[in-house]
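Each remark here refers to the structure printed beneath this line.
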Amino acid sequence: MSEVVLTLPDELAAEAREMGLFKPLLVTSLFKAEIRRRKANRLFEAADRLAAAGEPMSEEEVMAEVKAVREERRRRG
């Protein structure tokens with residue numbers, strides 16, 4: 001498990017604490033939802049790039065795109 005320390009404005013932290021938002025399961029759920037949302041956005045962005053390209057990509061171009069995405073994922077951990 002990793003420990004995360006957040007720096008928040010005092011009013012926001014107080015309101016979040018009052019609403020019980022600092023619970024590990026809830027924060028985990030929020031992070032997972034945001035990760036899913038960002039992955040979906042990346043997928044749609046890639047689809048938009050493909051659509052804007054005009055003509056179909058060659059197999060080499062597809063493989064280069066796959067390789068780039070995999071390298072980015074490795075860098076991010």
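Here are some notes:
- Among the criteria (1) under 14 Å from the mean Cα position of the chain (by Cα); (2) modelled with pLDDT of 90 or more, the one R76 does not fulfil is (2).
- The requirement of being surrounded by 10 or more Cβ atoms within 10 Å (Cβ to Cβ), free of Cβ contacts under 8 Å to residues at least 40 places away in the same chain and touching a Lys or Arg at 6+ places or on another chain (Cβ under 9 Å) is not satisfied by E71.
- Members of the stretch 3-50 found to be over 25 Å from V62 (Cβ atoms), within 18 Å of the chain's Cα centre (by Cα) and among the small types (G, A, S), listed by number: S29, A33
- Residue satisfying condition, being over 17 Å from the mean Cα position of the chain (by Cα) and acidic (D, E), within set E71, E65: E65
- Just one residue in the set L25, L30, L6 is surrounded by 10 or more Cβ atoms within 10 Å (Cβ to Cβ) and either without any contact (Cβ under 8 Å) to a residue 12 or more places away in the chain or of a type in the set (S, T, Y) (or both); that residue is L30.
The values are calculated or read from the model by the stated rules, or taken from the named source; none is laboratory data. These numbers were taken from a predicted model, which means no experiment stands behind them. Backbone-built Cβ (ideal geometry, glycine too); neighbour counts: all protein chains shown.
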